[in-house]
Amino acid sequence: MEFLSAVHTDKGIKKNTNQDSVLIKEAITDHGKVFFAAVCDGMGGLAKGEVASATLIRAFSDWFENRFPVFLYENRTVDGIDRVGMENELNKLILDVNTRIAEYGQQLHAALGTTAAMILFAEGSYYILNIGDSRVYRLKGQTISQLTKDQTFVQNEIDKGRMTLEEAKNHPQRNVLLQCVGASEVIIPEFEHGTYEPEEVYMICSDGFRHVIAEEEFVKLMAPDKIKGEKELQNAAVYFTELNKSRQEKDNISVILLKTC
């Protein structure tokens, strides 16, 4: 299966630096093409959030280039990749980076951290890791589905029935994370997996990309039948970034768009 891709990131209208970091990687293996994408949204005083996000992105890149090829061949089940084994690998990676970022922050006497939204496509299956409030979406036909769940105060309140979705959108603590890499003593990543098919669009984004855009707006422009090539993907990434800015989104804005075909 082939993958079309586009990536776009912007510091936005308020911040002086872009603390988001993004990564896309593709490789050809004996088991077909594999595709890896990640968006990390850094946060921290003294403009150190970009250090946190870049540190995690580099760790993801190193893992995909150096460890994943070995893992792909040595850790297999009758259904393909050993999902539990890969989740254990990624969990160790996150814990290691969490320690490194925390130690760096202690040296600076500053708190810094990063979210993580990562997806790996291989052998007809996708594997997702999520920490924080960056997200992964899938557009299939005219339907958009959020494949990750935010690890935030408001999402926790929604899950417990103490807050509605509408209340959460305007709550003063809507951006409070329950955990992030580098600033949490305990990290429990969320893992999801499923299968992918041709003619699907996947969106991996920081929270700044989707705060002021309705899901229906994404579908109108990015439904798979509207995307014929990478030009359309790139145009959509830029269009929604500029739309966010015109609607006064103040955060950094980052997105990776993928289409399976």
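Ordered by packing density, taken as the mean number of other Cβ atoms within 10 Å over each peptide's residues, highest first, how do 100-112, 121-133, 240-252 rank?
Answer by packing, highest mean first, reads 121-133, 240-252, 100-112.
Could you compute the net charge surrounding residue 42? Neighbours are other residues with a C-beta less than 9 Å from the C-beta of residue 42; K and R count +1, D and E count -1.
-2
In percent, how large is the relative contact order of the chain, given Cα pairs closer than 8 Å and 6 or more residues apart?
28
Could you state the number of Å between the C-alpha centres of the range 1-54 and the range 207-261?
So the separation of the two Cα centres works out to 15 Å.
Holding the Cα-Cα limit at 29 Å, pick out from 160/259; 14/92; 92/245; 25/92; 25/48 the pairs that are longer than that.
Exceeds cut-off: 160/259; 14/92; 92/245.
Sequence-distant or interchain residues sharing an amide H contact under 5 Å with residue 76, placed H: which?
Long-range HN contacts for residue 76: 82.
What accessible area, in Å² to the nearest ten, does a 1.4 Å probe give for residue 193?
Approximately 90 Å² for this residue.
In nm, what is the difference between 0.36 nm times the number of residues separating residue 167 and residue 92 and their Cα-Cα distance?
Working it through step by step, the gained length comes to 23.4 nm.
Short version: ³J(HN,Hα) in whole Hz for each residue of the range 11-22, in order, from phi by Karplus 6.51 cos²θ - 1.76 cosθ + 1.60 (θ = phi - 60°), x for Gly and Pro, what are they?
So the Karplus estimates, Gly and Pro as x, are 6, x, 9, 10, 7, 7, 10, 9, 8, 7, 9, 10 Hz.
Kindly report the accessible area of the chain per residue (heavy atoms of protein chains, probe 1.4 Å, no ligands, DNA or RNA), in Å².
Ligands and nucleic acids excluded, the figure is 46 Å² per residue.
If you put +1 on each Lys and Arg Cβ and -1 on each Asp and Glu Cβ, how big is the dipole of the range 119-221 around its Cα centre, in Debye rounded to 20?
200
So for the range 1-135, averaging the separation of alpha carbon pairs under 8 Å that are six or more residues apart and normalising by length, what relative contact order in percent results?
Computed value for the range 1-135: 27 percent relative contact order.
Compute the Cα gyration tensor for the range 130-215, then decide on rounded, prolate or oblate, letting a ≥ b ≥ c be the square roots of its eigenvalues: rounded whenever a/c is under 1.5, prolate when a/b is larger than b/c in the other cases, and oblate in all that remain.
oblate
Got a number for carbon plus sulfur as a percent of the chain's accessible area, 1.4 Å probe?
The computed percentage sits at 50.
Shape verdict for the range 183-261, please, from the Cα gyration tensor: rounded (a/c under 1.5), prolate (a/b greater than b/c) or oblate.
In terms of gyration-tensor shape, oblate.
If each of residue 31 and residue 65 carries a label point 7 Å out from its Cα toward its Cβ, how far apart are those two points in nm?
A separation of 2.2 nm, rounded to one decimal place.
The values are calculated or read from the model by the stated rules, or taken from the named source; none is laboratory data. Computed from a predicted model, the values in this text were never measured in an experiment. Cβ atoms come from the backbone with ideal geometry, glycine included; neighbour counts cover every protein chain shown. Accessible surface is based on the protein model in full, side chains and every heavy atom, while ligands, DNA and RNA are left aside. Shrake-Rupley method; radii C 1.70, N 1.55, O 1.52, S 1.80 Å.
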